[in-house]
């Protein structure tokens, strides 16, 4: 085996071991991961077409999780643990296989040493590393995107008609897989298709031999999803709706159906999220700065600067590859700007694609910088090797330090609440859980804030799990939750967030019994707010929370 392949295999093995070690320290999925796992579980309970049609996420990742669970499901000591392991396995495999197209794409642009350095740098970045064992579709979608890009470069560079058609069909298939995993998979198809159409060819026949197979496979993938789901993606509607209209304060005109008479109070707000915390549209300029900030945070300031230098000063060996990467980066940037400007929401994982496309140029610039420093100081070969080893060791140490932080550390109160429910909840009981973690970990039937009426109507709803901030924020929604819990809830336990952490919050567990007088037709009188916007319920809940914390500290 050539030396470069041995080094790539070694790096992939290190990545696999690091992801497995990090995954073993995670005891709960992400909040969106609960959705994916729920969809994956439905694949074993309902017809496949019904699951795809009813899901609000693209189905490839949940389907792969369902397949993985059939293999690793017996290793977990609980349903929650086994499904968590299955979801992590899919992401880990995708993360490791992403290293291969990263190496191959960089190898098309620069030297083999730069390609290995790009893989090494990618493994050090905290956000891509975390996504590699997270219960999200990002790592899988990124893997399909990376392979599609590499196959697309082969299709563009192919000389024979047969090779061009074969590479194009393969690129179309991987692009379709990326689309079935995440909606932005359409973007890589657009980038490859555009370059196939515009890149100069020897003849029109050569161009058609690339476009026809690629377009046919992509069209088949989109048509299949459109036929089953009825829409190209559910995200299109989300882009059209302004953030201020996505969460609407409830009123007498749009109350949830099935509410008892006692809850038809005009002061109540049954919004699934607090409208006061919803993001507003930041505008294009602010959206651009947000993307730049997240991109530089993903790479780190040093690598971000190196990327810009690499784009400006390094020469690549393969023009089609550089053009495809540049085009796809521009398409991603435009889409992210639109998402941030219209939705007001963007996180580090959304910029992972841009980060991936930046790594080859950062590696090239870093290598060029090292060569120039060695030339300036006239270092001999032995000193160069020692300096290179020291630099790589220092970067590896920084990466290990960054990767040692456990994920979802701020959500451990929800984990403790889930453990409490698993130990104390009677069989067959349901829980109204605003976040979802406790219900998932306890393997209980869960009602979320979108199904409030069903929760209070189900006689099996025995518990409520909420964060303290949801009850004491002073909003109409907090007043609503506090009033209802004052009617039929009894605080059983509270689990505190870690001191010094600003993210997350204290988690309260209430036992719940629906009051019989809720169904009486007469008007119910509830306490008014004082000058501070609070009710006696708010004060009682705050005092109860403090009392529980004191008891736990003892």
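The values are calculated or read from the model by the stated rules, or taken from the named source; none is laboratory data. Please read all numbers here as calculations on a predicted model, not as lab measurements. As a convention, Cβ positions derive from the backbone with ideal geometry for all residues, glycine included, and neighbour counts pool all protein chains shown.
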| task | Tell me, please, whether a residue that is in a helix (DSSP H, G or I), under 18 Å from the mean Cα position of the chain (by Cα), at pLDDT 90 or above and within 22 Å of residue 103 (Cβ to Cβ) can be found in segment 331-343. | result | yes
| remark: Checked segment 439-453 for anything over 18 Å from residue 273 (Cβ atoms) and assigned to a helix (DSSP H, G or I); matches are 440, 441, 442
| Across segment 461-477, which residue is nearest to residue 434 (Cα to Cα) among those that are assigned to a helix (DSSP H, G or I) and in contact with a helix residue (DSSP H, G or I) (Cβ under 7 Å, 6 or more places away or on another chain)? | 470
| query | What pairs come up if the first residue lies in segment 18-36 and is more than 10 Å from residue 436 (Cα to Cα), the second is modelled with pLDDT under 90 and in a helix (DSSP H, G or I), and their beta carbons are under 6 Å apart, counting only those six or more places apart or on different chains? | reply | none
| message | Between a residue in segment 404-430 that is touching a residue at least 24 places away in the same chain (Cβ under 8 Å) and any residue that is loosely packed, with under 14 Cβ neighbours inside 10 Å and part of a helix (DSSP H, G or I), which pairs come within a Cβ distance under 9 Å, given they are 6 or more apart or on different chains? | response | 406/25; 407/25
| field | Residue match in segment 400-417 (condition: out of contact with any strand residue (DSSP E or B) (no Cβ under 6 Å at 6 or more places or on another chain), surrounded by 17 or more Cβ atoms within 10 Å (Cβ to Cβ) and closer than 17 Å to residue 298 by Cβ) | value | yes
| message | It is to be established whether one or more residues within segment 507-525 are assigned to a helix (DSSP H, G or I), at pLDDT below 75 and surrounded by 16 or more Cβ atoms within 10 Å (Cβ to Cβ). | response | no
| Scanning segment 345-386 for residues that are outside any helix (DSSP H, G or I) and within 15 Å of residue 292 (Cα to Cα), which turns out modelled with the highest pLDDT? | 347
| Of all residues making up segment 489-503, the number that are buried (at least 19 other Cβ atoms within 10 Å of the Cβ) and more than 14 Å from residue 417 (Cα to Cα) | 1
| Pick from 20, 67, 71: which is over 21 Å from the mean Cα position of the chain (by Cα), in a helix (DSSP H, G or I) and surrounded by fewer than 18 Cβ atoms within 10 Å (Cβ to Cβ)? | 71
| field | Only one of 46, 57 that is at pLDDT 90 or above, over 20 Å from residue 136 (Cβ atoms) and not in a helix (DSSP H, G or I) | value | 46
| Selection count where residues are over 27 Å from residue 442 (Cβ atoms) and touching a residue at least 40 places away in the same chain (Cβ under 8 Å), scope segment 37-66 | 5
| task | Scan 476, 529, 501, 459 and give me the residue that is modelled with pLDDT of 55 or more and under 26 Å from residue 266 (Cβ atoms). | result | 476
| field | Residues that are within 18 Å of residue 513 (Cβ to Cβ) and either surrounded by fewer than 23 Cβ atoms within 10 Å (Cβ to Cβ) or within 22 Å of the chain's Cα centre (by Cα) (or both), drawn from segment 457-468 | value | 457, 458, 459, 460, 461, 462
| task | Working only within segment 169-215, note down all residues that are within 33 Å of the chain's Cα centre (by Cα) and not in a helix (DSSP H, G or I). | result | 182, 183, 184
